[in-house]
Amino acid sequence: MDCVCSVKKIKKLCGEEKYAPGVYPRLHITCCDEVLTIPAPAAGTLTVSANITMRAAVVGPPAVAAGKFYDWEFEFKAATYESEKDENGLWNTTLKVMLTKLTAEKSYILSRMNGPSHIVLFEDMNQEGRRIIGDTLNGCEVKVKEMASPKNGYEVSITWQSADAPLWYTGTVTV
């Protein structure tokens, strides 16, 4: 088994920097089939700087709309993110957000988000770039819990298992 020792860079990169905890209160979400390609990260990094290519529109029949990301705004203080490498060497990533106020329309939309078929872009409060959760062949799963108390709304859990930590994305977002 080959070992690439990247710890030699840690002193330079992991000094006493100031940071802002928390998740920026908006994310971008789409279905895997709306994304044509996610470029590979630059060599020796987890950073994707080229733009994600979205599906092109098709006149049809059947007509197909061009792919795009959809913005979700959520409660700032209720969002959490963690990604941890397990004993099998896989990364288990979870992003939890709170969408406020139960409504019939939101319940209808969220109840149809089934299976691991989504791609999410989000950023933390440091704004060092967005993270990508999911890819075209291995999407993330969206789970929803409705609640009326202690908060009124939807606790949304976005989970993904992958070989690497979620990629960083500095390209533009098609919305």
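The values are calculated or read from the model by the stated rules, or taken from the named source; none is laboratory data. All values reported here derive from a predicted model rather than from experimental measurement. With ideal geometry, Cβ positions are generated from the backbone for all residues, glycine too; neighbour counts draw on all protein chains shown.
Residues Leu110, Leu121: which one is free of Cβ contacts under 8 Å to residues at least 60 places away in the same chain, closer than 14 Å to Ile29 by Cβ and either of a type in the set (Lys, Arg) or buried (at least 16 other Cβ atoms within 10 Å of the Cβ) (or both)? Lay out the reasoning, then the answer.
Details: Leu121 fails: free of Cβ contacts under 8 Å to residues at least 60 places away in the same chain.
Sole residue among the options that is free of Cβ contacts under 8 Å to residues at least 60 places away in the same chain, closer than 14 Å to Ile29 by Cβ and either of a type in the set (Lys, Arg) or buried (at least 16 other Cβ atoms within 10 Å of the Cβ) (or both): Leu110.
Examine the range 30-40 for a residue that is modelled with pLDDT under 90 and part of a loop (DSSP other than H, G, I, E, B), and state whether such a residue exists. Within the range 30-40, not a single residue is modelled with pLDDT under 90 and part of a loop (DSSP other than H, G, I, E, B). Would you be able to say whether some residue in the range 113-122 is in a loop (DSSP other than H, G, I, E, B) and at pLDDT 90 or above? Checked the range 113-122: no residue is in a loop (DSSP other than H, G, I, E, B) and at pLDDT 90 or above. For the range 50-71, state whether one or more residues are under 23 Å from Gln161 (Cα atoms), more than 14 Å from the chain's Cα centre (by Cα), outside any strand (DSSP E or B) and at pLDDT below 95. Scanning the range 50-71, I find no residue that is under 23 Å from Gln161 (Cα atoms), more than 14 Å from the chain's Cα centre (by Cα), outside any strand (DSSP E or B) and at pLDDT below 95, so the answer is no.
For the range 124-134, filtered to residues that are in a loop (DSSP other than H, G, I, E, B) and modelled with pLDDT under 90, the residue that is nearest to Tyr24 (Cα to Cα) is Met125. For the range 94-136, a residue qualifies if it is farther than 14 Å from Phe69 by Cα and either among the polar types (S, T, N, Q) or in contact with a helix residue (DSSP H, G or I) (Cβ under 8 Å, 6 or more places away or on another chain) (or both), and the qualifying residues are Thr94, Lys96, Val97, Met98, Leu99, Thr100, Thr103, Ser107, Ser111, Asn114, Asn126, Gln127.
I need a count of the residues in the range 130-156 that are among the aliphatic types (A, V, I, L, M) and over 13 Å from Gly115 (Cα atoms).
Step one: list which residues in the range 130-156 are among the aliphatic types (A, V, I, L, M), which gives 132-133, 137, 142, 144, 147-148, 156.
Among the residues that remain, those that are also over 13 Å from Gly115 (Cα atoms) are: 132-133, 147-148, 156.
Residues that pass the stated criteria total 5.
When Glu84, Glu75 are screened for being touching a Pro at 6+ places or on another chain (Cβ under 8 Å), within 27 Å of Met125 (Cα to Cα) and either at pLDDT below 95 or exposed (fewer than 13 other Cβ atoms within 10 Å of the Cβ) (or both), only Glu75 passes. Taken over the range 72-112, the residue count meeting the criterion of being β-branched (Val, Ile, Thr) and assigned to a helix (DSSP H, G or I) is 1.
Looking at the range 135-145, is at least one residue out of contact with any Lys or Arg (no Cβ under 7 Å at 6 or more places or on another chain), assigned to a loop (DSSP other than H, G, I, E, B), of a type outside the set (Val, Ile, Thr) and farther than 21 Å from Val48 by Cα?
Step one: list which residues in the range 135-145 are out of contact with any Lys or Arg (no Cβ under 7 Å at 6 or more places or on another chain), which gives 135-145.
With assigned to a loop (DSSP other than H, G, I, E, B) added as a condition, the list becomes 135-139.
Going one step further and asking which of them are of a type outside the set (Val, Ile, Thr), we end up with 135, 137-139.
Still in the list and also farther than 21 Å from Val48 by Cα: none.
Scanning the range 135-145 turns up no residue that is out of contact with any Lys or Arg (no Cβ under 7 Å at 6 or more places or on another chain), assigned to a loop (DSSP other than H, G, I, E, B), of a type outside the set (Val, Ile, Thr) and farther than 21 Å from Val48 by Cα.
How many residues are closer than 24 Å to Asn88 by Cα and outside any loop (DSSP other than H, G, I, E, B) if we restrict to the range 146-175?
Just the residues of the range 146-175 that are closer than 24 Å to Asn88 by Cα, to begin with: 157-168.
If we keep only those that are outside any loop (DSSP other than H, G, I, E, B) too, we end up with 157-162, 167-168.
Total meeting the criteria: 8.
Out of curiosity, is Gly139 touching a helix residue (DSSP H, G or I) at 6+ places or on another chain (Cβ under 6 Å), within 12 Å of Ile158 (Cα to Cα) and of a type in the set (Gly, Ala, Ser)? Give the derivation first.
Values: touching a helix residue (DSSP H, G or I) at 6+ places or on another chain (Cβ under 6 Å): yes; within 12 Å of Ile158 (Cα to Cα): yes; of a type in the set (Gly, Ala, Ser): yes.
So Gly139 fits the description; yes.
Restricted to the range 22-49, and to residues there that are of a type in the set (D, E, K, R) and surrounded by 14 or more Cβ atoms within 10 Å (Cβ to Cβ), the residue that is nearest to the chain's Cα centre (by Cα) is Arg26.
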